[in-house]
Structure formats: structure tokens, C-alpha cells
Amino acid sequence: MSMKKIPEKISQVCEILNSDNEIGIEHRLEKVKHNQKIKVIERYSDELKIVTKHYADIISKKVSFDVIKKLKVTKAPLMTGDDSVLENVWEEICVQMQFEESFFWDTYEFHIIELIKRELESLPKQELQAIWLSTDEFQEIFNNNYWDDDLYGEVEDDEAAYIINIDSICEFVLYNYVLSVAVNENNEKIDTYLNGQ
């Protein structure tokens, strides 16, 4: 741009800013305020997600710990047989996660989910909501602005976050907490069993 055109451009900009049309200074100030407000909301939303995820993580770990504790005291009947070196259902789950799932895996998974459900029943609604908001299913609904009326029923948009899908929460805790511990669990009996395979 040549130096001669700069004053002309400044003059045009001043004209636009001083005019009363829709791109005048008031409109521009409103747009700036609106953009700043959106940035604040987005920042707050990101921070809220972090806090919610942290809260959900703490609750999910506690639920997982309680479920694993119950699986460790469940001694019989073991699918690996009476002469197995494994002592409890938890060790059988660990072996299957580290080696291969048995023919009875669906039974194990069903049992774990039932234990998770029982633990979830004792939680306050706010804790269930925190976990629900952390599930992949909720994130998909939130990010895609998609709500399945057939699955969840008809609700207003602002009510969607208050609906809790227990099945999604159970899957979330099962795969992200209980089974992720089982993959890394080691003890002498598990090692002995795996080395014999």
C-alpha cells in the first residue's frame, strides 16, 4: 500500500467507526464484549471440565477399589478349577486380562458390572453426574449436540446434563478403572498361573 493511500484508508475507517450503521463503533464494541464473554465462558467451561473429571476420577477409583475388594474375597466357585493356584475371582479376572479371556468371560463381566451398579446405588446424585459427565457417551452427546430421544426420552436441551445413564457409567468404571487395574495386577499366584500357560 502506498503512503498516499494510508490517509484515505484511515479516513474510511474513521467514517465506518463514526457511522450509525450496523458496523458502527457501538456494534463493534458489543462484538468485542461478546467475544470476550465467550472466551471467559470457554475458559470457565474448560476449567469446569478439568474439575469435574478430577472429581469423577476420585469417585471412580473409590468405586473400583470397593469392587476389587469384593472380587478378592469371592473365593468360589472358581472357573479355573479347584486345583488352581488362583485363590479368588479377582485373580482369575487379572489372568484373563493379561493372557486371554476365557469362554466364561461374559459371566465375569456381568458379575463385575452388577458389583459396580451396587456401589453406584450408594452414591449421591452429584457424584453420579460427575462420572456421567466424564463418560465417552456424554462427551459424544455434548460435542455433537445429539440427544437420542428413543434411548433417553424427550428432554429440554438444558436438562440433558441432568440425565444419568447408569449403563454408561458402569462401562466407564469397568473399562477405565477395574479392568485397567487387572491388566497390571501382579502377585505370586497370578505370575505362577501365567508362567504355566
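Laid out as a table, the results:
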quantity: Residue satisfying all of: in segment 46-61; surrounded by 15 or more Cβ atoms within 10 Å (Cβ to Cβ) and at pLDDT 90 or above; farthest from S102 (Cα to Cα) among these; calculated: Y55
quantity: 3 or more residues modelled with pLDDT of 80 or more and surrounded by 12 or more Cβ atoms within 10 Å (Cβ to Cβ): qualifying helices (runs of 4 or more DSSP H) within segment 120-187; calculated: 125-134, 136-144, 166-173, 179-184
quantity: Search result, residues across segment 86-118 that are surrounded by fewer than 19 Cβ atoms within 10 Å (Cβ to Cβ) and within 18 Å of the chain's Cα centre (by Cα); calculated: I113, K117
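The values are calculated or read from the model by the stated rules, or taken from the named source; none is laboratory data. Since the structure is predicted, the reported quantities are computational estimates derived from the model, not experimental observations. With ideal geometry, Cβ positions are generated from the backbone for all residues, glycine too; neighbour counts draw on all protein chains shown.
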